[in-house]
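Below is one structure, written out as structure tokens; comments come after it.
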Amino acid sequence: MSAYRSFVQLGLGLWTTLRQIGRGASTISYPEEALKLPPRWRGRPALTRDPDGDERCVACQLCSAVCPTRCIELQAGEREDERRYPVSFRINFSRCIYCGFCEEACPTLAIQLLDEFAFSTEHHQDFIYEKEALLIDGTGKHPHYNFYRHAGVALHDKDKGQGSNESPPVNGRSNLP
Amino acid sequence: MTLFLMALGMLLTTVVLLGIAGFLVFAERRVLGLLQNRHGPNRLGPFGIGQALADALKLMSKENFVPAFADSVLYRAAPVLVAFSALASFAVVPLDRGFSWAGNWDIGLLFILAMSSLNAYGVFLGGWASGSKFALLGAVRAVAQLVSYELPLGLALLAVVLLSGSLSLNGIVQAQWVPYIVLQPVGFVIFLIAGVAETHRLPFDLPEAESELVAGFNTEYGGMRFGYFFLGEYLGLTLIAVLTAALYLGGWHGPWLPGWIWMLIKTFAVIFGFFWLRASLPRPRYDQLMLLGWKVLLPLSLFNLLCTASTAALWRLG
């Protein structure tokens, strides 16, 4: 009886594998076929620009501070229109672990992990990307966000309270009961 | 002149057989890919058919290395023995009516059994001479397995010999007025199982068993010596398939097409069956393998032989 049952099981197993012939491959031929990456894929970090084309980074050092492998290094500077910007920005990709903490820490949505993941060099030194290599022309994942139009800071062309979704500052003294 | 032509023909046969073995390595990987929802090798040439060539080139360009702890004479001899015994067996296999080197030889089947025993020696010596524990364990397994599966194999073949009254493969194929799988279904199954165990292929690849024994008997081998083992294995697979076709599936008999095409179709169908088995079944434990051989297949094949013999005797009397 058990011999009969094992023969049935054997046949079922063989049939299960034979059925797979029509299904096609569930793997892909990688370099020719593109991978379908999930929307939240964490690839190589890049510095994005705001919709007006100015760089978003304000050189607050938060990404550098939160980075668990200490692979981000930058120097802050200030432009003539009072906007802060990174004079230099370096990421060492032979240490980066693509954890995405820098993206989470960034208050201006400047540093973003985009979907590039396959890049290689022959030497470790070539993995240190400078600002020119990191700064991209687009806005990344957040096409409409502009930090300076939201934040309550004064700038040369706008005063406090003039940003979008922002009310004028309240005069504390006139508000007393 | 005839001698020269004969030598040339034998060389050609050998080269073609080695080519088939190389092609089968590639074909197996493609078929396994098909059965396991993946691509398999598809880089070199159309459908990746150049993979066999690339593998061969890689193996040939490797260093011919002999480990310091190995018995160097036996270590060198073993792979040659494996490949030779598998190749020599093909001499008695007929591809069509009168199309073989020694298809009419009176002891063809016996010769094949002898060569498959020699094959076991090659595997055992390879494992023994390597001087490594894994290889030795693989070799011990190989001998135990091959000894215990040669008995059912021989007994199943004996029933065929009883039916056809001949030990030459030509005679056996000619005697098949109906494919012997109809008259010998049990013998066919026994032959197939024992054949898979003889060629030590999955699911009976315990001598190699890469998940337990690294690579079993050929752990210490590399380069073309490993290539000989590999070719020997695939030649053995082809041999068992071609024997199955000749002994049980009617050989070159078949309607419409020429005989040798029928022979090839049947052979490759059986080979596909082996690939299919490999894709489907897990490897049994060692004691389960021995139990199946000694306690199930051996009594079954004896019973099969007894039934065939008594039926044949009754037929002759009545």
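Please verify whether the stretch B:250-266 includes one or more residues that are modelled with pLDDT of 85 or more, out of contact with any helix residue (DSSP H, G or I) (no Cβ under 7 Å at 6 or more places or on another chain), charged (D, E, K, R) and assigned to a helix (DSSP H, G or I). No - not one qualifying residue is present in the stretch B:250-266. A:Arg19 satisfies every condition listed in (1) over 15 Å from the mean Cα position of the chain (by Cα); (2) at pLDDT 90 or above except (2). Out of B:Arg43, B:Arg29, I need the residue that is out of contact with any Leu (no Cβ under 6 Å at 6 or more places or on another chain), within 11 Å of another protein chain (Cβ to nearest Cβ) and charged (D, E, K, R). Which one? So the residue among B:Arg43, B:Arg29 that is out of contact with any Leu (no Cβ under 6 Å at 6 or more places or on another chain), within 11 Å of another protein chain (Cβ to nearest Cβ) and charged (D, E, K, R) is B:Arg43. Of all residues in the stretch A:26-34, one or more are more than 28 Å from the chain's Cα centre (by Cα), within 14 Å of another protein chain (Cβ to nearest Cβ) and without any contact (Cβ under 8 Å) to a residue 24 or more places away in the chain. Quickly run through the stretch A:1-57 and pick out the residues that are of a type in the set (Phe, Trp, Tyr) and surrounded by 10 or more Cβ atoms within 10 Å (Cβ to Cβ). Scanning the stretch A:1-57 gives A:Phe7, A:Trp15, A:Trp41. Within the stretch A:143-177, the only residue that satisfies the criterion of being on the phi > 0 side of the Ramachandran plot and loosely packed, with under 10 Cβ neighbours inside 10 Å is A:Asn165.
Taking the listed residues B:Leu297, B:Leu292, B:Leu277, the one that is farther than 30 Å from B:Leu17 by Cβ, surrounded by 17 or more Cβ atoms within 10 Å (Cβ to Cβ), within 14 Å of another protein chain (Cβ to nearest Cβ) and modelled with pLDDT under 90 is B:Leu292, with no other qualifying. Every listed requirement among (1) surrounded by fewer than 18 Cβ atoms within 10 Å (Cβ to Cβ); (2) within 14 Å of another protein chain (Cβ to nearest Cβ); (3) among the β-branched types (Val, Ile, Thr) is met by A:Val66 save one, (2). Let me confirm something: among A:Trp41, A:Trp15, which residue is facing chain B (nearest Cβ under 10 Å) and either among the aromatic types (Phe, Trp, Tyr) or in contact (Cβ under 8 Å) with a residue 12 or more places away in the chain (or both)? After applying the criteria, what remains is A:Trp15. Taking residues in the stretch B:219-233 that are β-branched (Val, Ile, Thr), and partners anywhere that are surrounded by fewer than 22 Cβ atoms within 10 Å (Cβ to Cβ) and not in a loop (DSSP other than H, G, I, E, B), the pairs with Cβ atoms closer than 6 Å and at least 6 places apart or on different chains are B:Thr219/B:Phe134.
Of these, B:Val173, B:Val214, B:Val182, B:Val143, which one is touching a Phe, Trp or Tyr at 6+ places or on another chain (Cβ under 8 Å), over 23 Å from B:Gly293 (Cβ atoms) and surrounded by fewer than 19 Cβ atoms within 10 Å (Cβ to Cβ)? B:Val214 is the lone residue from the list that is touching a Phe, Trp or Tyr at 6+ places or on another chain (Cβ under 8 Å), over 23 Å from B:Gly293 (Cβ atoms) and surrounded by fewer than 19 Cβ atoms within 10 Å (Cβ to Cβ). Being within 14 Å of chain A (Cβ to nearest Cβ) and either out of contact with any Asp or Glu (no Cβ under 7 Å at 6 or more places or on another chain) or more than 30 Å from B:Leu247 (Cβ to Cβ) (or both) holds for only one residue in B:Leu34, B:Leu118, B:Leu95, and it is B:Leu34.
Taking the stretch A:54-105 as the range and being of a type in the set (Ser, Thr, Tyr) and either more than 19 Å from A:Tyr148 (Cβ to Cβ) or touching a Cys at 6+ places or on another chain (Cβ under 6 Å) (or both) as the test, the residues that pass are A:Ser64, A:Thr69, A:Ser88, A:Ser94, A:Tyr98.
Comparison of A:Arg84, A:Arg79 shows that the only residue that is over 19 Å from A:Leu37 (Cβ atoms), among the basic types (Lys, Arg) and surrounded by fewer than 12 Cβ atoms within 10 Å (Cβ to Cβ) is A:Arg79. Remark: pairs (first residue in the stretch B:6-33, within 18 Å of B:Arg278 (Cβ to Cβ); second residue among the polar types (S, T, N, Q) and not in a helix (DSSP H, G or I); Cβ separation under 9 Å; 6+ apart in sequence or on different chains) = B:Arg30/B:Asn42; B:Gly33/A:Thr27; B:Gly33/B:Asn42.
With respect to the conditions (1) under 18 Å from the mean Cα position of the chain (by Cα); (2) under 28 Å from A:Lys158 (Cα atoms), A:Arg90 falls short on a single one, namely (2). Among the residues of the stretch A:28-42, are any in contact with a strand residue (DSSP E or B) (Cβ under 6 Å, 6 or more places away or on another chain) and of a type outside the set (Ser, Thr, Tyr)? Yes, some residue in the stretch A:28-42 is in contact with a strand residue (DSSP E or B) (Cβ under 6 Å, 6 or more places away or on another chain) and of a type outside the set (Ser, Thr, Tyr).
Checking each residue in the stretch B:46-68 for being free of Cβ contacts under 8 Å to residues at least 12 places away in the same chain and either under 18 Å from B:Ile271 (Cβ atoms) or within 14 Å of another protein chain (Cβ to nearest Cβ) (or both) picks out no residue at all. Given the criteria crowded, with 16+ Cβ neighbours inside 10 Å and under 30 Å from A:Pro31 (Cα atoms), does B:Gly40 qualify? Taking the combined requirement at face value, the residue satisfies it.
The numbered conditions (1) outside any helix (DSSP H, G or I); (2) under 18 Å from B:Ala83 (Cβ atoms) are all true for B:Phe111 except (1).
Being surrounded by 11 or more Cβ atoms within 10 Å (Cβ to Cβ) and either touching a residue at least 24 places away in the same chain (Cβ under 8 Å) or more than 30 Å from B:Gly273 (Cβ to Cβ) (or both) is the requirement here; does A:Ser120 meet it? Here the answer is no, as A:Ser120 does not meet what is asked.
The values are calculated or read from the model by the stated rules, or taken from the named source; none is laboratory data. Only a predicted model underlies this, so the values are computations on that prediction, with no experimental measurement involved. With ideal geometry, Cβ positions are generated from the backbone for all residues, glycine too; neighbour counts draw on all protein chains shown.
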